[in-house]
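Everything below concerns the one structure shown next.
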Amino acid sequence: MSRQAIPSFAMSEIGRESLRREGVVVTTLAYSVLNDPRRLQPHYHDFFQLMLLQGRGEVMHDFRDYRVRGSTLLFLTPGQIHSIQPTGGFGGIIISFSQSFFDHKSSPPSELLDLPFFFPVDSAPILPIPHGDVFRIGQAFAEIQREFEMADAMAAESLRAWLRILFARTMRLHTQQRPVVELSARARLVREFHLAVEGHFREERTLEIYARELGVSANHLNDVIRAETKQSAGGIIRQRRLLDAKRLLSHSELSVSEIGYRLGFHDPSYFGRFFRKGTGCSPAAFREEIREKYHPKGG
């Protein structure tokens, strides 16, 4: 039986249209779910989200499950498949925004790339908020929600400013809970490599090409990646391609061969072997299993 593909959702149609056109929407989790209950089910979108979740629930993020309790931040990068299942007294505020809204007139590269909770490198997408910090984080969310609802003159500029304040406060929490001794040259190289892979993983690129763009030798790049992450540089590229394959198998109607071609595999059988080696099952079996899991009554 053919199962339903995991859908893509646009931003909620709430608030002043001029702000939505700019690429920002702020709403409550309760309104979002009441307006469209499907948003509790697995889906993805092409914009960023930052959520303040309160209460108890379950979060699925790119096929990994997390329990959340109390006050928690959830970060979503475009393309990440996710779902939320409340289990008790659950609520929250959702900030959705596009990269173009956040960057506005800033010169590239985007400041979003400097934030460790977006385009994460082996990092959980959730961040528990200690009791003593709930007020300051909640205050920033409340100001952002108020600015969006009032939609006064200069609302977009105020929203961008408050987003930066919220990210600054969130960075403090992130650093406290996941301390990174001041970003060393090696750690910075790892981050830059991950971001380069994020932009080019579908292309046929050798490690030498990545190394040249990052201004180091291929041997040095691989040595640093292995020392810092316990993975080879090639392994990181393979894992990113594998994640994209999983996403496409989950939400697209492309055939297995077409997904392989999109990921740069010119031989469908090679793509099948690549996928089986990384997951232990065939692409077709993964597609059926994941859609059965999240859409057991699909037709």
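Here, each number is a calculation from the coordinates, and none is a lab measurement. Since this is a predicted model, take the numbers as computed values, not measurements. Cβ atoms come from the backbone with ideal geometry, glycine included; neighbour counts cover every protein chain shown.
Starting from the Cα gyration tensor of region 185-294, take the square roots of the eigenvalues, sort them a ≥ b ≥ c, and report rounded, prolate or oblate (rounded when a/c is under 1.5, otherwise prolate if a/b is larger than b/c, else oblate).
prolate
Only one of the values [x] 20.2, 57; [y] 19.2, 73; [z] 20.9, 81 was calculated from this structure for Rg and Dmax of the Cα atoms in Å; name its label.
Label of the calculated value: [x].
Can you sort Ile290, Ile94 so the residue with the fewest Cβ neighbours within 10 Å comes first?
Ile290, Ile94
So, in Å, what gap is there between the alpha-carbon centers of region 249-294 and region 7-30?
Rounded to whole Å, the Cα centres lie 32 Å apart.
What are the membrane-span-like helices in the chain by this rule: whole DSSP H runs, Cα extent along the axis at least 20 Å, mean Kyte-Doolittle hydropathy at least -1.0?
Result, helices passing both filters: 134-150, 155-177, 185-200, 233-251.
Can you find, among Ile137, Met11, Ala151, the residue farthest towards the positive end of the dipole of the chain? Put +1 on the C-beta of Lys and Arg, -1 on that of Asp and Glu.
Farthest along the dipole direction, towards plus: Ile137.
Report, in deg cm²/dmol and to the nearest 500, the calculated mean residue ellipticity at 222 nm for the chain, where each DSSP H run with n ≥ 4 adds -39500 (n - 2.57) and the sum is divided by the residue count.
-15000 deg cm²/dmol
If each residue's Cβ is checked for other Cβ atoms within 10 Å, how do Lys293, Lys105, Lys230, Lys246 rank with the fewest at the top?
Lys105, Lys230, Lys293, Lys246
Sequence gap of 8 or more, or different chains, plus Cα separation below 28 Å: how many lysine pairs satisfy both in the chain?
6
From the phi angles alone, apply the Karplus equation (6.51, -1.76, 1.60; θ = phi - 60°) to region 10-25 and give each ³J(HN,Hα) in whole Hz, x where the residue is Gly or Pro.
7, 5, 4, 8, 9, x, 5, 4, 4, 6, 4, 5, 6, x, 8, 9
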